[in-house]
Amino acid sequence: MQPDLVGLEISKGELKRLTGFDPEDVFRPSIMADKDKRLSFFLNEALVALALTPIIVGGIYAFIILPTLGSSNKMGVILLIIVPVAVVVGRSLWRKKNCPHALTILLDEVEKYHQVVQAIDINDQLTNSGNTQGNISDREQVISALQLIREDLVRALKSERILRDNKKLLANNQDLVVNNLANLQTLQVSSQASEYAQLLNQSLQIALDVQAEIRKLQKV
């Protein structure tokens, strides 16, 4: 990946710092629409449940079952069935309660943004291998668009977190509600039929969606 693309990525660590959540712990409905992500999500939930089950079952059995009912294989088996289900349900309820809808939308926009970055990286690799020709000027235009969108995404994530903590603080941080949409709309590529034109249009749509979400946050 080219250095200018690496600088555009928003790492999981940065997302956690901006939002206060580990991105992996935020359930997004869009995950269910992607087969691979859906499988990965359910697999991760199963692993977490399996990891916690022995600890929880051991604690309940040692401190509740044994003192009250004595040794009971039946209760042990029942706990081994119930606890994993309870862990999965509990984590789901926790997400719904603690992960705001606005945050899930913004994280979806971050993912779309990263998909555009990855598309440019693939195009760079194809160009370097001689399989395709790319217009350097068009590439620079898309990179400029992504730089502006990155700024907007960071602002939006900061705004969402401030709103969660204290809505009044958002009014005192007007720099967070400024967006780069006007600057993005001035960017153009040499050919509207090119790959870069499609990427630029995708970038503009992300910017529009982020701006709409920021406006919603201001009205809450």
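For region 107-129, check the following and say yes or no: at least one residue is at pLDDT below 65, open to solvent by 40 Å² or more (accessible area, probe 1.4 Å) and not charged (D, E, K, R). Please lay out each step first, then the result.
First, the residues of region 107-129 that are at pLDDT below 65: none.
Taking every residue of region 107-129 in turn, none turns out to be at pLDDT below 65, open to solvent by 40 Å² or more (accessible area, probe 1.4 Å) and not charged (D, E, K, R).
Among the residues that make up region 84-97, is at least one of them more than 31 Å from the chain's Cα centre (by Cα), farther than 20 Å from Arg161 by Cβ and buried (at least 17 other Cβ atoms within 10 Å of the Cβ)? Give the derivation first.
So the first thing to find is which residues in region 84-97 are more than 31 Å from the chain's Cα centre (by Cα), and the list is none.
No: region 84-97 contains no residue that is more than 31 Å from the chain's Cα centre (by Cα), farther than 20 Å from Arg161 by Cβ and buried (at least 17 other Cβ atoms within 10 Å of the Cβ).
Output the qualifying pairs, or none if there are none: Cβ atoms under 6 angstrom, residues six or more apart or on different chains, first residue in region 39-52 and surrounded by 14 or more Cβ atoms within 10 Å (Cβ to Cβ), second residue of a type in the set (A, V, I, L, M).
Listed by first residue and then by second, the contacts come to Phe41/Ile31; Glu45/Val88; Ala49/Val87; Ala49/Val88; Leu52/Val87.
Filter region 8-38 for residues that are over 14 Å from the mean Cα position of the chain (by Cα) and loosely packed, with under 11 Cβ neighbours inside 10 Å and give the result.
Those that are over 14 Å from the mean Cα position of the chain (by Cα) and loosely packed, with under 11 Cβ neighbours inside 10 Å: Ala33, Lys35, Asp36.
As an exercise: evaluate Ser71 against (1) crowded, with 16+ Cβ neighbours inside 10 Å; (2) not in a helix (DSSP H, G or I) and give the number of the one condition it does not meet.
Result: Ser71 passes all but (1).
The values are calculated or read from the model by the stated rules, or taken from the named source; none is laboratory data. Everything quoted here is computed from the prediction, not taken from an experiment. No Cβ is skipped: glycine too gets one built from the backbone with ideal geometry, and neighbour counts run over all protein chains shown. For the accessible areas, the whole protein counts, side chains as well, though only heavy atoms, and no ligand, DNA or RNA atoms are used. Shrake-Rupley method; radii C 1.70, N 1.55, O 1.52, S 1.80 Å.
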